[in-house]
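Take a look at the structure set out below.
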Amino acid sequence: MPVNYRPNTRFTELFRRDERNPILTAAVWPYPVNSVFNPGATLLPDGQTLLLARVEDRTGLSHLTTARSRDGLTDWHIDARPTFPADPQNYPEELWGVEDARVVYLPELERWAVTYTAYSERGPLVSLALTNNFRTFERRGPVLPPEDKDAALFPRRIDGRWALIHRPVPSPLGTGAHVYVSFSHDLRHWGESALALEARRGGWWDANKIGLCTPPIETPEGWLIIYHGVRTTGAGVIYRLGLALLDLEDPTLVRARPRVGNEPARRV
């Protein structure tokens, strides 16, 4: 990275869809639901893969339910009822459900942090919960106002502060929807938000609106993030995946991002 396109170069795919897909569907769920999708994922200490799946119930609203597997592909054990249902009586921002969890283990706290989208009357916003067993959860409530989503914590403090990557959506959208990083000393009060990854302009696959997919992955070269681009076409929207590398000690700096064709190289 950055990657330059050469017409005669044969590229190897970074990702390959498993032939058994989809590995989980509404048909195998232990209670009646409309659909199952967009799970947060983590590895448990015993080696099991845990998915915290978004599940749309028969009313059209979403909740979160865990599914566990030894190999991450087969023999899934799914909770018999919603693991993390919306709780609008105590958390009114969850009026229209909870969605799209991202799960990060925080060694300092010896707990997992679950950032998720709470769908409020004023739009989607970022909420946070902590757990050590995925059975009981300490809800911390909203951490960022609407409209904001696609959020995940970095697994350790950076320069003494917790860091959260997220995607606010301005109004009107014509100004673009980009990836930001915000900081906190206590996981409750967030600020010092800074632009980290900017959506491109024009006809690029990641123009105008982008968002985080998986939580940041720490590597010796930087924080590797997988992000999605949303392109609107006459037949609907198309989501595609890309990679970027953020600086280890200042994740608001982009160290590398693939480029294509004659697009000028990005910073830094």
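Screening the stretch 199-257 for residues that are of a type in the set (Ser, Thr, Tyr) and either at positive phi or part of a strand (DSSP E or B) (or both) and picking the one that is surrounded by the most Cβ atoms within 10 Å (Cβ to Cβ) gives Tyr227.
Results for (1) at pLDDT 95 or above; (2) aliphatic (A, V, I, L, M); (3) closer than 25 Å to Pro155 by Cβ, shown as yes or no for each residue.
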residue: Gly211; (1), (2), (3): yes, no, yes
residue: Glu218; (1), (2), (3): yes, no, yes
residue: Glu221; (1), (2), (3): yes, no, yes
residue: Thr232; (1), (2), (3): no, no, no
residue: Leu245; (1), (2), (3): yes, yes, yes
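Scanning the stretch 18-36 turns up no residue that is surrounded by 14 or more Cβ atoms within 10 Å (Cβ to Cβ) and within 17 Å of Tyr119 (Cα to Cα).
Part of a strand (DSSP E or B), closer than 24 Å to Arg122 by Cβ, out of contact with any Gly (no Cβ under 7 Å at 6 or more places or on another chain) and of a type in the set (A, V, I, L, M), is that true of Leu187? No; evaluated as a whole, the condition is false for this residue.
So that you can scan it fast, the table gives a plain yes or no per residue for (1) free of Cβ contacts under 8 Å to residues at least 24 places away in the same chain; (2) closer than 19 Å to Leu52 by Cβ; (3) in contact with a Lys or Arg (Cβ under 9 Å, 6 or more places away or on another chain):
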site: Glu108; (1), (2), (3): no, no, yes
site: Val114; (1), (2), (3): no, yes, yes
site: Asn132; (1), (2), (3): yes, yes, yes
site: Phe137; (1), (2), (3): no, yes, no
site: Leu153; (1), (2), (3): no, yes, yes
site: Arg157; (1), (2), (3): no, no, no
site: Leu164; (1), (2), (3): no, yes, no
site: Pro168; (1), (2), (3): no, no, yes
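Number of residues in the stretch 22-31 that are within 14 Å of Leu51 (Cβ to Cβ) and free of Cβ contacts under 8 Å to residues at least 40 places away in the same chain equals 2. Reported count of residues in the stretch 157-172, each being closer than 20 Å to Cys213 by Cβ and either touching a Gly at 6+ places or on another chain (Cβ under 9 Å) or not in a strand (DSSP E or B) (or both), is 3. Of the strands (runs of 3 or more DSSP E) lying entirely inside the stretch 24-124, the ones with 2 or more residues being in contact with a Pro (Cβ under 8 Å, 6 or more places away or on another chain), β-branched (Val, Ile, Thr) and closer than 27 Å to Arg156 by Cα are found at 98-106. Of the listed requirements (1) more than 17 Å from the chain's Cα centre (by Cα); (2) among the β-branched types (Val, Ile, Thr); (3) modelled with pLDDT under 95, Ile158 misses just one: (3).
The values are calculated or read from the model by the stated rules, or taken from the named source; none is laboratory data. Just so it is clear, the model here is predicted, and its values are computed rather than measured. Neighbour counts run over all protein chains shown; Cβ positions are idealised from the backbone, glycine included.
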